[in-house]
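Heads up: the structure comes next, in structure tokens.
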Amino acid sequence: LHSLRRRQRQMCIRDRPYIKREIFESMDKHKKNGTKILVLDAPTLIENDLHKEVDYVILVWVDQNTQIQRVRARDGISREDAINRINSQMPLERKKDFANIIIENNEVLPKTKEQVDLLIEFLNSNLK
């Protein structure tokens, strides 16, 4: 069952090419408008090969227990449903292999903000 759900989620963008087209159209629009930094928030970025279309893959990483708690709090779902949702995506540990930058988000908000500030500084210094 978990394998089937994972395949269904991964296929979501592949089976709906208009989603990918809309993403690319939006990226082109921002580029033409002079946007210097564009963040694409896409939980299945890697699974759908969109990571090949971006300059940097930035992974916000948490341990699995924290991830489960946050999904439950955000979506108001049971622990089992949160685990199923998480298991439908590529594990964060595997996503680390694709990431250029990892923000560890287990700590308190100021610690995460510090990492984000460094990320922004890095991105600004590497503008093309």
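The values are calculated or read from the model by the stated rules, or taken from the named source; none is laboratory data. Small disclaimer: the values here were computed from a predicted structure and weren't measured. No Cβ is skipped: glycine too gets one built from the backbone with ideal geometry, and neighbour counts run over all protein chains shown. Areas reflect the complete protein model, heavy atoms only, side chains present, ligands, DNA and RNA absent. Shrake-Rupley method; radii C 1.70, N 1.55, O 1.52, S 1.80 Å.
Quick notes
- Residue check for E22: acidic (D, E) and open to solvent by less than 70 Å² (accessible area, probe 1.4 Å): no
- Residues of region 27-52 that are closer than 30 Å to I83 by Cβ and either of a type in the set (D, E) or in contact (Cβ under 8 Å) with a residue 24 or more places away in the chain (or both): D41, P43, T44, I46, E47, N48, D49, L50, H51.
- Considering K36, K111, K95, K32, the condition of being open to solvent by less than 60 Å² (accessible area, probe 1.4 Å), modelled with pLDDT of 85 or more and basic (K, R) is satisfied by K95 alone.
- For region 39-59, taking the residues that are in contact with a helix residue (DSSP H, G or I) (Cβ under 8 Å, 6 or more places away or on another chain), outside any loop (DSSP other than H, G, I, E, B) and modelled with pLDDT of 90 or more, the one that is most open to solvent (accessible area, probe 1.4 Å) is identified as I58.
- L127, sole failed condition from (1) without any contact (Cβ under 8 Å) to a residue 24 or more places away in the chain; (2) hydrophobic (A, V, I, L, M, F, W, C); (3) loosely packed, with under 15 Cβ neighbours inside 10 Å: (1)
- Of the residues making up region 64-89, those that are surrounded by fewer than 17 Cβ atoms within 10 Å (Cβ to Cβ), at negative phi and not in a helix (DSSP H, G or I) number 2.
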